Amino acid sequence: MKVRYLLVGMFVLVAVLVSGCGLVESLTGSKGGTVSSLWSDVPPLANASKADIPIPPLVNIIITGFIQAANADNSSDMKLDKFDFIVYQTADTPEQVGNFYTKEKMAAAGWNAEDQPGCQVGAGQGVAGGFCAFGKKSGNTDTVLLILPVREDQATQTQVFFIRFEGTKKSS
């Protein structure tokens, strides 16, 4: 439930920022980058191939806004340091991608957050898509992994965006 509220809040925040006075340019100077391969702690989809697709500007704005909002939250003891992403394509549907990334499979790969929501997948308005979220703690580092499978109705391939946030404990 916390994740839903966080996501709604994130989208409202981004909508406000995007409509504001030229803040788009300042948000696109993100602290993120593309990685060359899927991280070792993320199970790979068997029939997916890496796609050379840049992160869409709106998604970049949303992610950067999320990082800035999270770091401005004085009640949080974590500082989001960076995000990385990679995109794959597969003939699998978003539902199949969501069914692959189960809480059990991700826990076996080391994703140990107790309140991780797993995957929610559906279709509507000409697009099938989903949202998966997993987290883990390792020492002073917290990591959140978002998996976003998206397919337009007429498309033959699902694009799967893997976005990884890392944060460290704020120094007192």
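The values are calculated or read from the model by the stated rules, or taken from the named source; none is laboratory data. These figures come from a predicted structure and were not determined experimentally. Virtual Cβ from ideal backbone geometry, glycine too; neighbours counted across all protein chains shown.
Which helices (runs of 4 or more DSSP H) does the range 1-94 wholly contain that include 1 or more residues that are at pLDDT below 50, of a type outside the set (Gly, Ala, Ser) and loosely packed, with under 13 Cβ neighbours inside 10 Å?
Passing ranges, in order: 2-19, 23-27.
Considering only residues that are at pLDDT 85 or above, within 19 Å of Thr90 (Cβ to Cβ) and of a type outside the set (A, V, I, L, M), look in the range 130-156 and name the one that is surrounded by the most Cβ atoms within 10 Å (Cβ to Cβ).
Ranking the qualifying residues of the range 130-156, first place goes to Pro149.
Filter the strands (runs of 3 or more DSSP E) completely within the range 117-168 down to those with at least 3 residues that are more than 22 Å from Ala70 (Cα to Cα), touching a residue at least 60 places away in the same chain (Cβ under 8 Å) and acidic (Asp, Glu).
Passing ranges: none, list empty.
In the range 99-118, is there at least one residue being in contact with a Cys (Cβ under 7 Å, 6 or more places away or on another chain) and either modelled with pLDDT of 85 or more or surrounded by 13 or more Cβ atoms within 10 Å (Cβ to Cβ) (or both)?
Looking for residues that are in contact with a Cys (Cβ under 7 Å, 6 or more places away or on another chain) and either modelled with pLDDT of 85 or more or surrounded by 13 or more Cβ atoms within 10 Å (Cβ to Cβ) (or both), one finds at least one in the range 99-118, hence yes.
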